[in-house]
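Here is the structure we will look at.
The values are calculated or read from the model by the stated rules, or taken from the named source; none is laboratory data. Just so you know, these numbers come straight off a predicted model, no measurement behind them. When we count neighbours, we look across all protein chains shown, and the Cβ atoms used for this are built from the backbone with ideal geometry, even at glycine.
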Amino acid sequence: LGLMEKRQRTAAKDNGDGTALERVKQVQDQLEEINDEAATAVLQIQSSANAKRAPVYESRKTAIASVPGFWKRALMGHPWLADIITDQDECILSYLTELTVEENADVKSGYRIALAFDVNPLFHNSVIEKRLSWHEGGELTMQTTPMSWKPGQDPLALSGDSAVGGGEDKKRSFEQLTVEEGQRLPLFLLTLLNDELHDTEAGDSDEPSAAGAETEAICDAIKDEVWPEPLKYYQDFEDIAPPADDAAP
């Protein structure tokens, strides 16, 4: 074949492939439209279901209020959360009286977790709220109620050369904790309180942090697993009573 004929055949083949790919794209665009419609319908169904669940959740709340330590035991009955909850967390959770999860009206933009506490010797907060919000482009932000620790109780406070002490002039970030320190502190609560999603220590504000990922995972576990079926996790918890001297109030 001459050079000109080869070029003509190649051009014809490219044109044919282009036409075929255009048809594939058109079909794919149709599928995307259907997928978008289905996703919107699912969100509408979820939003409607949430509205129907609301009064039932209120009835459940009333029933749970008569079971002492219900939410502490439900959280500790979750197999993954149980691995994070330390002895210090158990003490704090002994004052937990209520747990609530509320999704935004449109479902997809985020949700709120609220933990209500009885009067305790550790902090002044009666309610700690954690809000997760997804913005345009898929960006996630988290915002938590500022903690009002009582004197000497802030686990991230530094006093002189000690890792944890009564002085609260200096504080370290949650990401600065070592694994060993985390085991001696209320790791579950500190992870829940963390709002930092990016690795600031690495100097790259866009780099996701391990601490941020774990905070999101804890929140999702509470929202998607513990909140819908707390009785299951309450019953799964093996209640091994601590020695009388160490029992939490």
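Things to note:
- Some residue of segment 208-222 being of a type outside the set (D, E, K, R), farther than 17 Å from Phe123 by Cα and at pLDDT below 60: no
- Filtered by the rule that a residue be at pLDDT 95 or above, under 25 Å from Asn50 (Cβ atoms) and of a type in the set (A, V, I, L, M), segment 102-131 gives Ile113, Ala114, Leu115, Ala116, Val127, Ile128.
- For segment 225-249, the tally of residues that are in a helix (DSSP H, G or I), modelled with pLDDT under 95 and among the acidic types (Asp, Glu) stands at 3.
- For segment 36-57, a residue qualifies if it is among the hydroxyl-bearing types (Ser, Thr, Tyr) and within 22 Å of the chain's Cα centre (by Cα), and the qualifying residues are Ser47, Tyr57.
- Among the residues of segment 62-105, those that are farther than 24 Å from Met147 by Cβ and small (Gly, Ala, Ser) comprise Ala63, Ala65, Ser66, Gly77, Ala105.
- Test: Lys25 is assigned to a helix (DSSP H, G or I) and in contact with a strand residue (DSSP E or B) (Cβ under 9 Å, 6 or more places away or on another chain): no
- Among the residues making up segment 78-107, those that are touching a Leu at 6+ places or on another chain (Cβ under 6 Å) and part of a loop (DSSP other than H, G, I, E, B) are Thr86, Val107.
- Ile113 vs. criteria in contact (Cβ under 8 Å) with a residue 12 or more places away in the chain and outside any helix (DSSP H, G or I): yes
- Tally, over segment 116-148, of residues that are crowded, with 16+ Cβ neighbours inside 10 Å, touching a Phe, Trp or Tyr at 6+ places or on another chain (Cβ under 8 Å) and either free of Cβ contacts under 8 Å to residues at least 60 places away in the same chain or in a helix (DSSP H, G or I) (or both): 7
- Scanning segment 67-102 for residues that are within 18 Å of the chain's Cα centre (by Cα) and surrounded by fewer than 16 Cβ atoms within 10 Å (Cβ to Cβ) yields Pro79, Trp80, Ala82, Asp83, Glu98, Thr100.
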